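None of the figures in this text is laboratory data; all of them are computed from the coordinates on show. Only a predicted model underlies this, so the values are computations on that prediction, with no experimental measurement involved. Here the Cβ positions follow ideal geometry from the backbone for every residue, glycine too, while neighbour counts run over all protein chains shown.
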Amino acid sequence: MSEHTPNGQPPLPSRTYLLQPISPLLFRDARPFGADAGAHAFSLPWPNPRTVAGALRTALIGASSPNPTWDKDDAVAASKLLIDGPFLMAQHEPGGEWIPYVPKPDDVVPMRVGDDKRLTLMTLRPQEPTVIEKSGPGTDWTSAPVSNVELRPMDIAMDAKPEKKAPAWWPLEQAIRWLATSSGDADRAILRPNPQGNPHVPGLDGLMETRRIHVGISPNTGMAEDGILYQTQHRVAPMTPFDKDDDRHPALALLARVHGTEDHLNVDDMLMSLGGEGGMVGLSTLENTPSIFDFPNELAQAVAHADNLTRLRLQFLTPAIFKYGTIPTWMNDGVIPGWRKRKVKVKLVGITNSRRQPVSGWRKQAGSRATSLVVPAGAVYFFETDAPLTAELLQALWLSSVAESNLHRSDGYGIVIPGLW
Amino acid sequence: MTALPPRPYLITIAIGPVQDFIAAGRKVRDLWYGSELLSLAARETAQQLLNLSPDGSLNLIFPPQPAAGEDLPTDAPVANLIVARLKHDNPDQLIKQVHNAVKAWLTRQLDDALVKFRETGDPLETAGDAKIDVVTAHAQVDNFLEWFAAWYPIAPDDSDYHDARVHLMRLLAGRKSHRNFAQEPSIAGRQRSSLDPARDNVLNHALLSRRDRRRLRLKRDEPMDGVSVLKRMGGMNRIASVSRVAADPWIRHIAQHDPDGLAELNQLARALQCTEVVESIDTSKYIPHYTDFPWDTELLFVEDLVLDRQNDLSDEELKLVNTFIKTVTCISKRTGAEPCPYMVTIAADGDKVGEALSSLISIEHHQQMSHQLVAFAEEASEITARHHGVFIYGGGDDVFAFLPLDTSIACAEELRTTFASDMKRLMCGLGKTIEPTLSVGLSIGHFHEHLDSLTNRARDAESEAKRYPTPEHPEKNALAVTFTARSSGKPLIVTDSREAEPVQKRWLPAIAAIDSGAISQGAYRDIAIITRELQLDALVAALKKAKASNTAEAPPWTKQVTVEVLRAELAELLKRKKTRDAAERSAEMMLTLLGNEDGFASDDIDAVYRAIRRVIDRLHIVSRMATARYDTPPMTPQPEEGASA
């Protein structure tokens, strides 16, 4: 068990758990669903942090509580468990090491160009702040009532359409290499030859999709009802690596770090439920702390070699909820939450993100939660700082949460990793 | 501070969300009006640009500029990207004014929809216990439109139009990479909308009457957000459901062979039109090809009938329902034809249109292209109607529609040839050699499936057509046809390059072979069994492996397996296969169909195998289509492959 200091919280013991799906999992979106003809239960491709945090709290408190049923003390104890994650882990060889993967960053766009449809990567960076005469080029921007925000559109250098078949998850090692690349040369930093020798973006598509057709059962007769066929969509994680169609498919799992008191972190392994319809996952601990929790030396070196670099990127590993949509209210102070003790101010100058997603959920007694719209994981925020970046400054942001509320932070929302540009 | 003098700009406004918004639907009406609403919002954007710009300072490019003094037509589709030339001193300010005007227009659309709802006779209140939470509904409608705008200076004589347009589109793409949004109003404890999980339910079901639910086309207790209420109540009812589309071949058949039976069904449907199980279709103006039976009802599908367990029909209405069902059964027995519950979703998209646009260097040329794309959208709607389908949207080079099984291939072909010839004529006239084409995806599915599945599969088929033969080297200009049995989530996919003239040389011969009885509807199973008997998959895998490793070390037998041996063996087994048709004739026909496929005549055994697999899938799909071709020999009932329920 290791000691960690979650962002903004007093030091708490923590433990890292691997969650290996055993059955197909269903992470329902908020649409109502009933066993009617043609009905369809949709699953999100990846669970929201709150889903995993809630399941872990229930499992860990349940395992350590002397009470056979959930009581008020258990609820209080559960609320004190702070969760980082979930992160995707892949095991490429049976019994091999589990490798962390992160959502692909939105500041790289794979494209095919030229007659030979060569794969290339377009780097997105905010346009340079040229002296714009009032009658020059421009874009609309509906401003939020937040200070220190001077957003500029991304500089687009190519006109090709984005390649749709690009991996949704990158190996952490590749993401770090990209975050350490201040030049923006993405082809050099990312593209690698595939087994056929063609350049490709290494990565994974994430959990697999499967659909199940169900037959409605009459509550009166207990028999199948004519014509009542409905469908559920599930997510599946291979438990062992396998080969299919000349491709290696790794075993997949979720990783989460839990901060709490030692009483509640004494579980080594257990079966627990995750998502809808009682999906089962096996919870276990890893022998070695996964590399994702260590500030990478490559970033430290990159910042050391850069001269007075004052441009910071933040890549979101989990979705973020902000009161003003994409704009964090902490920008009013010009201070990123992980830098509150440091006297470095920032200006937000660019954002690249995919379309907002809804998050709600259920509370046992109160019913559904209010919906929040989130900035999806993979978003990249660009800042300019008023002091040169240092390895120490970047380390303070590594795997920190920039969520606006303590509740969201404790559920694992808004976790970022820093980089240069 | 002195005001700057007006100067010329190219401006562009993109509105959204498009695909996600349109696809958020449970009923065809949601799809259709979602797309209609976006088209109307785009039209309103262009119209407001005209209204709010000083006279003569705005020249629309996309959509095309209307004649002097006239408004934009209300019935022509407008794509979600507006481009114009503007002479103005402050484009930012003008675009803000236009944005506010479009939001106000959207609010009026919701108000109109609520008035329509109120006109049902049940008073709509605005207090806390109102049937509809109007405040939340308005906030949701106010928040739903995505809006991105960019402007770029252009020379007064437009001489740098081409470069300015390139810069403008890049600027817009840079702006769109930030998908800004505002939080939606949401209250804990409220249900989420059944159409869009991001938005709260605004309906108070305790106060909704049966009539209210019917107006909103709701299942009982179905939650719905304000934007979805607008989708359900907005505009005129110009649409028919997927069940009506699926039933159309049968209705055309009985109109010819049992007109009295059809008249009886019409009478019963008329008597039931005030219930949840029958809805009238306005064929007087919008869907005249459904005049024979202008009703949306699932009662036609007796075997698939699911009388919503929550429907509150009276005893009298239930009696009528039972009579309707019995009448359908009687007609089916008399004519030997049952309604087929499968139909086709078509999604098509132009190829090389961006390239063609980039090759044009003047505003006038782009305006001509703009006119041509609008004309094609109108043609596409007419073509779909001619093939008894329901047109959902066509914006620019995009087409989305539902079609009956028996007309889908012909419709796809007419759309493709029309688009290609329109574009060729235009580009030749402008002195350009680029010839845009149309990639088409057809997806066969059961009408009872969730609309989301039907639309997604059609989009997948279109993507398949766009990246054929490989994602790395797509030829585009292809036709992809997929079939998904209701009881199996896995689709069959057959994709052909247009170069191979797949409709004339592959689909129509296969259809003719089954229609004429030359081969049976189950013929694809015969070939599938033979490939299993020959263990072709294992053989091909072994040969590939041997080839990949070292042919010198390959087992000796691999050298003896030649494609000639394989083809001869296949022919022999086909002739010996006992079918209800004359074995010899059937075998010859199947070998002809196999010969039509790419690769069957090649020396590559893998290519031969792929050709055989493609014929199996093609005949399987054609067999399904044959169930809605009622003038062909009666189908021998056979279990669906993969059926589990």
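Values computed for the structure shown
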quantity: Helix axis angle, B:363-386 relative to chain B longest principal axis, alpha carbon, degrees; calculated: 50 degrees
quantity: Sum of -39500 (n - 2.57) over DSSP H runs of 4+, divided by residues of chain A (222 nm, nearest 500); calculated: -4000 deg cm²/dmol
quantity: Euclidean distance of C-alpha centroids, the range A:207-240 and the range A:75-128, integer Å; calculated: 31 Å
quantity: Amide H contacts under 5 Å for A:S400, placed H, 5+ residues apart; calculated: A:V416
quantity: Measure of compaction for the range A:197-320 (Cα Rg per 2.2 N^0.38 Å); calculated: 1.64
quantity: Per-residue average of Cβ from other chains inside 10 Å of B:453-459; calculated: 1
quantity: Whether the protein assembly as shown is rounded, prolate or oblate, judged on the alpha carbon gyration tensor where a/c under 1.5 counts as rounded; calculated: rounded
quantity: Centre separation in Å (Cα based) which lies between the range B:327-345 and the range B:406-484; calculated: 30 Å
quantity: Cut-off under 5 Å, modelled amide H: who pairs with A:H249 long-range; calculated: A:F242, A:D243, A:K244
quantity: Given B:K219/B:K333; B:K352/B:K505; A:K165/B:K231; A:K323/B:K96, the pairs whose alpha carbons are separated by over 28 Å; calculated: B:K219/B:K333; A:K165/B:K231
quantity: Antiparallel DSSP beta bridges within the protein assembly as shown, percent to nearest 5; calculated: 95 percent
quantity: Per-residue HN-Hα couplings for the range A:278-288 [Karplus 6.51, -1.76, 1.60; θ = phi - 60°; Hz; x = Gly/Pro]; calculated: x, x, 9, 9, x, 9, 8, 9, 9, 5, 10
quantity: Distance (nanometres) between label positions extended 7 Å along Cα→Cβ at B:D606 and B:I529; calculated: 3.1 nm
quantity: Karplus-derived 3J(HN,Hα), 6.51/-1.76/1.60, for each residue of the range B:438-450, Hz, glycine and proline x; calculated: 10, 8, 10, x, 10, 10, 8, x, 7, 5, 7, 5, 4
quantity: C-alpha long axis of helix B:451-466 to longest principal axis of chain B, angle in °; calculated: 70 degrees
quantity: Label-point gap, in nm, between B:R220 and A:D71 - each point 7 angstrom along Cα→Cβ; calculated: 4.2 nm
quantity: The range A:60-168, relative contact order [Cα under 8 Å, separation at least 6], %; calculated: 22 percent
quantity: Value of relative contact order over chain A, rounded to a whole percent, pairs C-alpha under 8 Å and six or more apart; calculated: 26 percent
quantity: ³J(HN,Hα), Karplus 6.51/-1.76/1.60, whole Hz, each residue of the range B:394-402, x for Gly, Pro; calculated: x, x, x, 9, 10, 9, 9, 7, 10
quantity: Where labels lie 7 Å past Cα in the beta-carbon direction, separation of A:D226 and B:A538 in nm; calculated: 4.3 nm
quantity: Under-5 Å amide H pairs with A:M280, H placed in peptide plane, nonlocal only; calculated: A:I22, A:S23, A:L274
quantity: Coarse-grained scattering of the range B:202-323 at q = 0.22 Å⁻¹, given as base-10 log I(q)/I(0) from a Debye sum over alpha-carbon atoms; calculated: -1.42
quantity: Projected area, mean over directions - chain B, Cα convex hull, nm²; calculated: 35.6 nm²
quantity: Kyte-Doolittle mean at least -1.0, axial Cα span of 24 Å or more - DSSP H helices of chain A; calculated: none
quantity: Which listed pairs, of A:K164/B:K285; A:K117/B:K424; A:K345/B:K176, have C-alpha distances above 31 Å, in listed order; calculated: A:K164/B:K285
quantity: Added length on full extension, which subtracts the Cα-Cα distance from 0.36 nm per residue, B:D282 to B:D260; calculated: 5.7 nm
quantity: Cα-centre dipole for the protein assembly as shown with unit charges at Cβ (Lys and Arg positive, Asp and Glu negative), debye to 20; calculated: 980 debye
quantity: Calculated FRET value between B:Q267 and B:T335, using beta carbons and R₀ = 22 Å, to 0.05; calculated: 0.75
quantity: Reachable aspartates and glutamates from A:K72, criterion Cα separation under 19 angstrom, eight or more residues apart if same chain; calculated: A:D263
